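Since the structure comes first, as structure tokens, the remarks are kept for the end.
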Amino acid sequence: MALPLPPLRPEDDQLEFAKKYLESFCGFKPNTGRQRRMTEIDMFQDKLKGMHQFFGLKKTGELTPCTVNAMRRPRCGLSDVETFEDKVKWKNKYLTYSIANSPAVRSSQLRRAVRKAWRLWSNVTPLRFLRRKGKEADIMISFKTRDHEDDFAFDGNGGVLAHAFQPGDGIGGDVHFDEEERWTMNSSGINLFAVAAHEFGHALGLPHSSDPGAVMYPAYSFVTINEFGLSFNDVESIQKMYGKSDSSWRFCVNPDLMMMSQLRIPPKTPEKCDPSLSFDAVMTMQQEMVFFKDRFMWRTHPNFDQVGITLITSLWFAVPSNISAAYETSENTILFFKGSQYWAVQQLELLHGFPKNISEFGFPSTVRAIDAALHFRGARQTVFFTGNMCWRYNEEQNQMEEGYPKPILHDWPGVKTPVDAAVFHAGFVLFFSGNLQYKYDPILKYIVETTHVNKWLQC
């Protein structure tokens with residue numbers, strides 16, 4: 001049973017909040033009085049390690065600030081340790097659903113979001129969904145508040161967003177949304193389409209997935225409509241239950257992009273030990289190295305025993321996927337680049353007025369994107385790479401240095417172009433191109449070592 005989570009405030013007891021969270025979602029059972037205190041502590045740490053592993057966090061068993069932040073993320077009300085039997089699925093491929101209107105969402109927007117969310121699943125399976133107006137249906141969709149007599153009370157704004165029941169009679173397959181959330185049709189609040197897509201997966205019989213790229217991942221994540229869709233993991237799981245779509249053109253994972261044309265394979269979450277792995281961007285963040293790929297990132301640290309993959313939005317909600325460069329300035333502001341725009345983040349929050357155009361750095365209009373950024377914190381300089389050219393930006397004077405751009409081979413002889421990513425680390429410059437990393441001595445100006453990029457990811 002998912003218990004309502006109280007909002008976490010600075011004065012709250014984080015330990016009690018964490019216990020409530022682990023009890024709701026990770027199978028933790030607090031001391032009943034028949035167990036010794038040490039037994040409860042051991043169980044708490046064991047469940048906390050399980051939660052760390054599920055969310056790709058450092059598996060310490062300690063209640064770190066990063067752990068608390070992960071617990072505070074809006075999420076589904078279903079337990080992460082609950083599993084559904086393969087046989088618990090709908091027997092018919094034609095299913096009906098009914099929508100109860102709510103003051104939280106305009107009825108026309110609600111119907112559109114629901115229709116799009118169902119289409120995600122019908123595109124890849126033989127299942128078809130028919131709305132019934134004002135009648136009983138296989139799947140009843142409604143908005144509820146607080147305790148609504150199903151043993152899964154909501155907790156108000158934030159925390160648990162919605163829950164659903166596995167296929168079956170009565171309440172089976174029904175979906176409930178928390179009416180007190182700020183539901184929207186974009187990324188300004190909680191996107192109804194994204195949450196509905198997740199909950200409908202439960203209504204069809206799917207449990208949670210530990211794949212952070214999957215729609216069935218328990219924590220809420222949404223950037224834009226164009227970037228949201230079923231992952232390879234989602235499609236593989238639902239097709240294992242119901243089979244493949246009988247119309248191959250429907251196999252498009254995003255309904256807004258659906259066209260009767262080529263089959264589009266759903267995206268896979270990157271495998272860190274894939275020998276062909278490449279990075280979009282790499283940066284240092286205090287003692288950490290952060291590696292970016294598509295919607296995801298890996299964070300390494302000298303004290304990390306494991307390197308887990310997480311969504312970029314799990315730490316920086318406003319940062320887009322597929323960034324091309326990133327670095328942390330001497331003012332502890334992190335800059336992210338994608339296309340002709342860049343984002344500035346401080347204390348995990350997007351600064352006012354961003355994103356801005358990269359022309360503010362002094363790039364001419366002919367430069368529409370950069371390939372990589374190499375920041376020298378001590379010298380307060382940043383080298384930008386575009387194609388086979390490089391630019392040197394002076395952070396103190398806020399302008400490009402004279403004489404630039406120059407050919408990359410002029411300042412960095414031996415470096416392969418184009419450059420995917422670059423970072424200054426332990427006295428060397430690390431250049432990344434394709435699946436290879438080049439360790440470059442900036443004083444002697446030559447490459448001293450070449451390795452595969454995923455050596456950083458414990459491969």
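Surface composition of the range 320-390: carbon plus sulfur atoms hold 47% of the accessible area, using a 1.4 angstrom probe and ignoring ligands, DNA and RNA. Take every pair of alpha-carbon atoms less than 8 Å apart whose residues are at least six positions apart; their mean separation over the length of the range 309-459 yields a relative contact order of 13 percent.
Normalised by the number of residues in the chain, the average gap of Cα pairs under 8 Å and 6 or more apart makes the relative contact order 10 percent. Once a ≥ b ≥ c are taken as the square roots of the eigenvalues of the Cα gyration tensor of the range 61-130, is the result rounded (a/c under 1.5), prolate (a/b larger than b/c) or oblate (a/b not larger than b/c)? Judged from the Cα gyration tensor, the range 61-130 comes out oblate (a/c at least 1.5, b/c at or above a/b). Applying a DSSP loop filter and a limit of 10 other Cβ atoms within 10 Å to the GluC sites (Glu not before Pro) in the range 38-136 leaves Glu85, Glu136.
Of the residues Ile238, Ile225, the one with the largest accessible area comes first in the ranking Ile225, Ile238, computed with a 1.4 Å probe on protein heavy atoms.
Which net charge results when you count Lys and Arg as +1 and Asp and Glu as -1 among the other residues whose beta-carbon is under 14 Å from that of Val415? Can you show the working numbers first?
On the way: positive: Lys406, Lys416, Lys439, Lys445; negative: Asp371, Asp411, Asp420, Asp441, Glu449.
It works out to a net charge of -1.
Listed options for Cα extents along the principal axes in Å are (i) 77, 66, 48; (ii) 73, 62, 40; (iii) 126, 61, 40. The value calculated from this structure is the one marked (ii).
Rolling a 1.4 Å probe over the protein heavy atoms leaves Asp46 with an accessible area of roughly 90 Å². Calculated accessible area for the chain comes out at 48 Å² per residue, all protein chains present (probe 1.4 Å; ligands, DNA, RNA ignored).
Explain nothing, just the number: dipole magnitude of the range 316-458 about its Cα centre with +1 on each Lys and Arg Cβ and -1 on each Asp and Glu Cβ, in debye rounded to the nearest 20.
320 debye
Pairs of alpha carbons in the range 195-251 separated by more than 13 Å make up 61% of all such pairs. Each Lys or Arg adds one and each Asp or Glu takes one away; over the other residues whose Cβ falls under 15 Å from the Cβ of Ala344, this sums to -3. Can you give the calculated 222 nm mean residue ellipticity of the chain, where each DSSP H run of n ≥ 4 adds -39,500 (n - 2.57) and the sum is split over every residue, rounded to the nearest 500 deg cm²/dmol? Helix contribution divided over all residues of the chain: -5500 deg cm²/dmol.
At most 10 other Cβ atoms within 10 Å and a DSSP loop assignment: could you name the GluC sites (Glu not before Pro) in the range 340-439 that fit? When the GluC sites (Glu not before Pro) of the range 340-439 are filtered for loop state and at most 10 Cβ neighbours within 10 Å, Glu396, Glu402 remain.
Does the range 81-166 come out rounded, prolate or oblate, given a ≥ b ≥ c as the square roots of the eigenvalues of its C-alpha gyration tensor, rounded meaning a/c under 1.5 and, failing that, prolate meaning a/b above b/c? Taking the square roots of the gyration eigenvalues as a ≥ b ≥ c, the range 81-166 is oblate.
The values are calculated or read from the model by the stated rules, or taken from the named source; none is laboratory data. Owing to the predicted nature of the structure, the values given are computational and were not obtained by experimental measurement. Note that each Cβ is placed from the backbone with ideal geometry, even for glycine, and that neighbours are counted across all protein chains shown. The protein model used for the area step is the full one, side chains on, heavy atoms only, and it has no ligands, DNA or RNA in it. Shrake-Rupley method; radii C 1.70, N 1.55, O 1.52, S 1.80 Å.
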